[in-house]
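Student: Starting off with a structure, shown below.
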Amino acid sequence: MGNDGYMLMNVAKRMRYDLNSSLAAADLTTPQWAVIAQVHRSAAAKRTISAADMTTLLGMDKPTVSAIVRRLVQKGLLERRPRPNDARAYDLYLTPAGKDAGLVAMNLSDKVLAQYMKLLTAEEQQQFHSILTKLGGDL
């Protein structure tokens with residue numbers, strides 16, 4: 001009998017490796033794409049997001065998020081704007097290039113996921129999506 005948690009961890013690790021390999025063509029890493037995706041999700045929901053928010057959402061420590069944000073700002077994909085009501089806090093926004101990079105990364109991610117999903121029937125794919133939605137909530 002296999003351990004489901006261990007198998008899930010290994011599949012996720014393989015998928016992340018494959019995604020990192022694909023994202024390298026767009027000069028991105030999976031953590032960078034995760035930040036871009038969260039900024040995009042917040043903007044789509046008409047909410048602002050800070051690096052501090054990102055630490056909680058992505059389960060990364062503050063120095064890691066700060067380094068990722070700094071690199072994305074240097075690449076011209078992200079900008080930091082002072083929060084109007086708190087001079088110490090900055091909100092994150094995608095630049096036009098960041099929006100484009102996010103779309104490229106999303107397409108690359110979809111292609112990687114499709115390689116795994118093709119092993120499942122249409123019904124299994126629907127079940128898989130339902131299970132992920134149930135377990136992940138609104139992550």
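Student: What residues have an amide H closer than 5 Å to that of residue 95, excluding those fewer than 5 places away on the same chain, when H is modeled at 1.01 Å from N in the peptide plane?
Tutor: Answer set, sorted by chain and number: 78, 79.
Student: Any chance you could give the angle, 0 to 90 degrees and rounded to 10, that helix 96-117 forms with the longest Cα principal axis of the chain?
Tutor: 10 degrees
Student: Obtain the nm distance between the two label points defined at residue 134 and residue 97 by a simple spin-label model: each point lies 7 Å from its Cα along the Cα-to-C-beta direction.
Tutor: 4.4 nm
Student: Quick check: residue separation of residue 62 and residue 124 times 0.36 nm, minus the Cα distance between them. What number comes out in nm? Provide the component values of the computation, followed by the final result.
Tutor: Numbers: separation 62, 0.36 × 62 = 22.32 nm, distance 3.78 nm.
Separation in residues times 0.36 nm, less the Cα-Cα distance, equals 18.5 nm.
Student: Let me ask another. Quick one: angle between helix 4-23 and the longest Cα principal axis of the chain, in degrees between 0 and 90, rounded to 10, please.
Tutor: Once rounded, one gets 60 degrees.
Student: Percent of Cα-Cα pairs per 10 Å bin, from 0 to the last occupied bin, for the chain, please list those.
Tutor: 11, 36, 34, 15, 4, 0
Student: Further question on the same structure: For the chain, how many pairs of lysine residues have a Cα-Cα distance under 30 Å, where the two are 8 or more positions apart or belong to different chains?
Tutor: For the chain, the number of qualifying lysine pairs is 21.
Student: Right, here's the next one. Using a ≥ b ≥ c from the Cα gyration tensor of the stretch 1-79 (square roots of the eigenvalues), is it rounded, prolate or oblate, where a/c under 1.5 gives rounded and otherwise the larger of a/b and b/c decides, a/b for prolate? Can you show the working numbers first?
Tutor: Details: a/c = 2.18, a/b = 1.59, b/c = 1.37.
Note, shape of the stretch 1-79 comes out prolate.
Student: Okay, moving on. Using 12 Å as the cut-off for backbone N distance, which residues of the stretch 1-38 belong to the label zone defined by a point 7 Å from the Cα of residue 115 along Cα→Cβ?
Tutor: Those under the cut-off are 14-24.
Student: Can you tell me the orientation of helix 62-74 relative to the chain, as the angle in degrees between its alpha-carbon axis and the longest Cα principal axis, to the nearest 10?
Tutor: Value to nearest ten degrees: 70.
Values quoted throughout were computed directly from the atomic coordinates according to the rules given, and no laboratory measurement underlies them. Fair warning: this is a prediction, and the values are worked out from it, not measured in the lab. Counting neighbours? That spans all protein chains shown, and the Cβs are built from the backbone with ideal geometry, glycine included.
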